[in-house]
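**Student:** Would you mind keeping the following structure in view while I ask a few things?
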Amino acid sequence: ALTLRWIRDEAWRHLKASGRGGLSGEALVGLATSVTLGERTRAQAQAALRALITGVEAPPPEAAEAIDLPTLVQALFTEAPDLAARLKAGETRLEAHFIGQGLRRGQGAWSASEVALALRAAAKPS
């Protein structure tokens, strides 16, 4: 714990001395709050933190803008029809596979809980 505090304090001192970025206690609290409330995914929070430290805004994930979540879920089901059929038949342990694929393809656009909700909605019998 002592080492972590030292690293934090040193990093903070260097950031303040350089005058770069918009890193402040308020900005960090705001960022942490947005992650806790589910307003940002981990990848989005990492990009925002990088922007706060460097003062350079990170570009948004490109793949996330190109496709919406329900369309992505349907594409995942189409690519693995046997697994999708098993999931729809009630084999819920397969959710983890599809959630992982959705997170990877979405490149941080959605949280795991958002992908899980979309999966469950798509897996419901019509």
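**Student:** Per-residue HN-Hα couplings for region 46-52, Karplus 6.51 cos²θ - 1.76 cosθ + 1.60 at θ = phi - 60°, whole Hz, x for Gly and Pro?
**Tutor:** 4, 5, 5, 5, 4, 5, 4
**Student:** Okay, next question. Under a crude label model (7 Å from the Cα following the beta-carbon direction), how far is residue 26 from residue 46 in nanometres?
**Tutor:** So the two model labels end up 2.9 nm from each other.
**Student:** How much length, in nm to one decimal, is gained on full extension between residue 75 and residue 104, taken as 0.36 nm per residue of separation minus their Cα-Cα distance?
**Tutor:** Details: separation 29, 0.36 × 29 = 10.44 nm, distance 1.33 nm.
That works out to 9.1 nm of additional length.
Quick note: the coordinates plus some simple rules give every number you see, no bench work behind them. Computed from a prediction, not measured in an experiment: that's the story for all the values here. No Cβ is skipped: glycine too gets one built from the backbone with ideal geometry, and neighbour counts run over all protein chains shown.
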